[in-house]
1. Select from the stretch A:353-456 those trypsin sites (Lys or Arg not before Pro) which occupy a DSSP coil region and have at most 15 other Cβ atoms within 10 Å, ordered by residue number.
2. Once phi is turned into θ = phi - 60°, what whole-Hz ³J(HN,Hα) does the Karplus curve with 6.51, -1.76 and 1.60 give for every residue of the stretch A:852-868, x standing for Gly and Pro?
3. I'd like the mean, over residues of B:228-240, of how many other protein chain beta carbons sit within 10 Å of each residue's own Cβ.
4. GluC sites (Glu not before Pro) within the stretch B:55-122: which are DSSP loop residues with at most 15 other Cβ atoms inside 10 Å?
5. How big is the dipole moment of chain A about its Cα centre under a simple scheme where the beta carbon of each Lys and Arg is +1, that of each Asp and Glu is -1, and everything else is neutral? Debye, nearest 20, please.
6. Obtain the nm distance between the two label points defined at A:GLU139 and B:GLU158 by a simple spin-label model: each point lies 7 Å from its Cα along the Cα-to-C-beta direction.
7. For chain A, what does the relative contact order come out to in percent, with C-alpha contacts under 8 Å and a separation of six or more?
8. Sorting A:ARG920, A:ARG287, A:ARG191 on the 10 Å Cβ count, fewest up front, what's the list?
Amino acid sequence: MWTLGPLGFTAPWLLLGLIVLPILWILLRAVPPAPIRRRFPGVALLLGLKDRESQSDRTPWWLLLLRLLAAAAIIVGFAGPVLNPQEQRSGDGPLLVLLDGTWADARDWPRRMERTSALLDDAARRGRPVAIAVTTDLEPDLTMQPAESWMSRLPSLAPQPFEPDSEALLDWIEGMEGPFDTFWFSDGLERETREPALQALETKGDVFVYQTPRPVLGLGPATFADGQIEMTVSRSSGAGPGAVTVQAFGLDPAGVERNLAQIETEFEPAARTLDVALTLPPELRNRISRFQLDGVRSAAAVSLTDDALKRREVALIAGREEREEVDLLSPLHYVRQALVPTADILEGALDDLLIAAPDVIVLADVATLSPNEIDVLSGWVEEGGMLLRFAGPRLAASDVSRGEEDPLMPVRLRAGGRTVGGAMSWGEPKALAPFDEDSPFYGLSVPDDVVVSAQVVAEPGPELDERVIAELTDGTPLVTRKILGDGQVVLFHVTANAEWTTLPLSGLFVQMLERLAVLTRPERPTVDDLAGTTWAPEEVLDAFGQLNEADRLNGVEGEVLAEGTLSAEVPPGLYAGEEARIAVNVIKPDTELSPAFWPARIPVEGPSLDQERPLKGLLIAMALALLTVDILASLLVSGRLRGPRSGIAALIALLLMFPPGAEAQQGGELSEENLAQIATSEVVLAHILTGDPSVDEVAEAGLRGLSNVLFSRTSIEPGEPIAINIERDELAFFPFLYWPITADQPLPSREAYGKLNRYLRNGGMILFDTRDADTAGFGSGSPEGRRLQAIARALDIPPLEPVPEDHVLTRTFYLIQAFPGRYTSRDVWVEASPPDAERAPGMPFRNLNDGVTPVVIGGNDWASAWAIGARGNWMLPVGRGAAGERQREFAFRFGVNLIMHVLTGNYKSDQVHVPDLLDRLGQ
Amino acid sequence: MTTPEALRAEASDAASAFPPLLAEAEHLATTVLLGEHGRRRAGMGDAFWQYRPAQPTDEARNIDWRRSARADAHFVREKEWQIAQSVMMWIDRSASMGFSSDKNIPTKANRARLIGLAAAILLFRGGERVGLTGFDLPARAGQMQLMRLASALSDEDEAEYGAPIARGMLPHSRAVFVSDFLGDIAEAETALTDAADRGVRGVLLQVLDPQEEAFPFDGRTIFESMRGGLQHETLKAGDLRDRYLERLAERKGHLADLAHRTGWQLSTHHTSQSAAAALLWLHGALGRHT
């Protein structure tokens, strides 16, 4: 290849042809355009006339230039010009292809695979042995193999949602047997592994690097501060377009995952980070399960949220509200202080508070409750509430849980409690003992200055031991807990203020509340916070940012989790502990994305830096275009653009220049009034647009076929079928809707569901067709079936049953017992008949005088069987031969019966009474 | 030398053009309504003219007894005098008349034949005699003459441009010359003045193709006459247009001048126009001086 700047030529000697151009110029110049011979009687009048100017015996210079340009374009085109030609990698030794394989690779993984495959092709041609390794998933004892054997293994390579372990990588490189050249696909991010790994690789041979200059985007974890959710979007370089869209996903009240909120923002030029703030009502905020950067396929673009965003509602009730007190003595002061930053606090009467359904109710020194209150509270706890009680003088003085255990107390209490270390007692105030391993507080460090000087004392009992979750150094229970139904009752045997203990003054108090999940966890948990806990992964992210169930992963210790280093054992995802859930994200608050820089000696290749681009096609096309222009120009010069038959020449030239382009847009959508007019002027069958053009086309063709059959066989004369957009169009005009289900159909909006339900309640009928009866039985979990379930979840659909033998649908027009479409599954479901329907004596059918079934559900792909093409031919084959035609006939019969059923209701059901009625009238 | 087969084929070709031409001419002729044109004086004829009192010189069998019975005097019934006029036609059949610029437009020759034949039909209906100039076809009346006319008109002339033939015309008869008059104007002038000298008056109909009027050409072109006898090459045809049109106007002016001097009538007909208009004009022009 011969290169000229960024241009290379595969056949440079062809460029010698350019020398011919000047000769061509002279030749073309000398030859005037050929004359036209015309028969013309008027020539007699022309005799003797002389041309005034003799300009056109030479080709005009611009026409010459045009032709020369075309000739030059052809010559250059065939010389095989290539823009930014790729230097062919030289070398014959073994080649190691090293892929970083981190989440940052995920966004353009297919392109990397293409490049790898090209490398393999090249290596195969040169007979180089190859090894392919992914740094995040290193294969020990990798050996060089022929390139062909790697080809089949390429699809199994995948990026991982974490970064490589630096030591393991270095060891692995050391362990590879050299020498070999390395082709390193860098993910474009700087990390400390780079430099030493590069050096280690360079000892083995040459290193080439492939790197994308596009910045890597990452979405930081969401934090809640000052009433708004804050996130940081970071990128590895300040170049490139800066617009990003952050989307918040979560379950809506119907249990469907939705985009709950969205914010579009833009990086400042050259800025590497961007702060995003989002204000949402608490109800919506608590639903958010993850944030995501729209359009970025990478684990870093997903930020899972855990309990940190959820604000728990805590109701506070104190027993001594009537006392005029200074704040610091208030039994709730410290609890309130601990909760305010992270939880929503409710205060008021117990009855009112329960209506608000708080997550936690704190009873500070409340002794007696009315029996009614006890009932209500017990019910609330059993449904999952958490009752947190603090002791105090009133509890100590009362008889609550004295002889017999109170249902809302974890333990029985001894009378009076005890006081230690007071002015009138022996002994020192007691400190807290370290927490047991079983305790939810395990791992929290106990400050020395936390002491207890008074408490209520639990009555010893067989079950006491397991209910204690914190105790004093002398073994006296300090915090006890009892599970009640789905909820729990926790009792601090001390006051919630500093009257009996210094515990509320210490940070331990807040940590304990947090462990009990009273508090929303404010920040990222520290190692201390999580010490001694085990967290089970619930959902994990893959490198592409997809959430998957984590079934086969082991639990992770809290310390490891808090450390935040991701690995194969700790992939990013959602981890569930005893009381809370922790989200582990790829991007930490302190993660900084910076681009990798390579020493000047390393050749770096990137896709957009110098992508090879053959220009041959472009040049040849240009030459053709020039020649077409030349045709027009020649016609113009020689006068053939005017005169007889010029129209044809001009037309041909124009056609050459502008090949028939895109067809005119279709007539557009029907306006609302138009639709109403068309739909109400005659019976019109309608189908719902799925968004899949081929399915929609078949649906429309199917309804047209059915309309034709109805027209020719019955008194129903439907008009042209109409396509319905459920989001926009009014449904009330249509007696019947055909709804083909595709696996990737969007769920209808709330308004559309409202319309659909109104439609179904008012006597409309929808035929749901999952079109998969060939592969799946009804409800057996085909993708369409699942989609139908998702769509139908919010629809007002009555109980269903398979079409019974005496259903009116079997005899509204034809007598049929099967309902085939393109497939012949028998699973067709309609509204269930009332259980009390009975067969009248002597009658072949039960008395079923209810309305039209609002839905018919099946998967026989009826539209395909009904579909007729534009010329009246069948669009799709059904079955084989005569049997197939018979099947199609029965499909039409089903369609006729269905529409008859829609339009005449249970008229045929009534017909069975006719003999009866005639009988009676006759007498 | 023509073999009998070729001759027969040619003959059937020629004959095949015949009935359509005749039919078309008949059709065209029906567009003009006319009656017998009387002489406006008493004479031989069919139509009643007047009753006049009988003179002693009148034969008794001339007396109209029916009229005479109503009065005391005798009356003679006179009829209008009708005579047949001879109309001599010359239809240009030369090669230049074979030109047509568009397949939707008939050739000039076709149009000329059609108009001539239709005029002949009208004249026959008027009781006139029609013939061709020269001595090929003397003026006669009747259906057979029409057939002969059609057959004579179907022949093509070898000449590049046609020249009117003024021979064989009866003195004081009428004449119709139909041609494009693009050939040598001097011959036309001679023929016309010859005819005028013999007291023959008539009509000149110039038939032109629209392209001959517009000259819509451009670029390097070689113009050829229909048989290729004349050639003119130009490098820029568009440049010649003005001068060509000038010459055409000059030619028309010359013809008009000639017609004015000899008392003939001149009109120009374009093949893109309707033939009926030209026929109407022709008929009117023939009747005007009779």
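1. A:ARG402, A:ARG414
2. Going residue by residue, I get 6, 5, x, 9, 10, 10, x, x, 7, 6, 5, 4, 5, 6, 7, 5, 10 Hz, with x marking Gly and Pro.
3. 6
4. Hits after loop and neighbour filter: B:GLU59.
5. Result for chain A is approximately 6740 debye, rounded to the nearest 20.
6. 9.8 nm
7. Once normalised by length, the contact order is 10 percent.
8. If I rank by nearby Cβ atoms, fewest first, I get A:ARG920, A:ARG191, A:ARG287.
Read the figures in this text as sums done on the coordinates, not as results from a lab. Note that the coordinates shown come from a computational prediction; the quantities given were computed from them, not determined experimentally. Quick reminder, even Gly has a Cβ in these numbers, built from the backbone with ideal geometry, and neighbours come from all protein chains shown.
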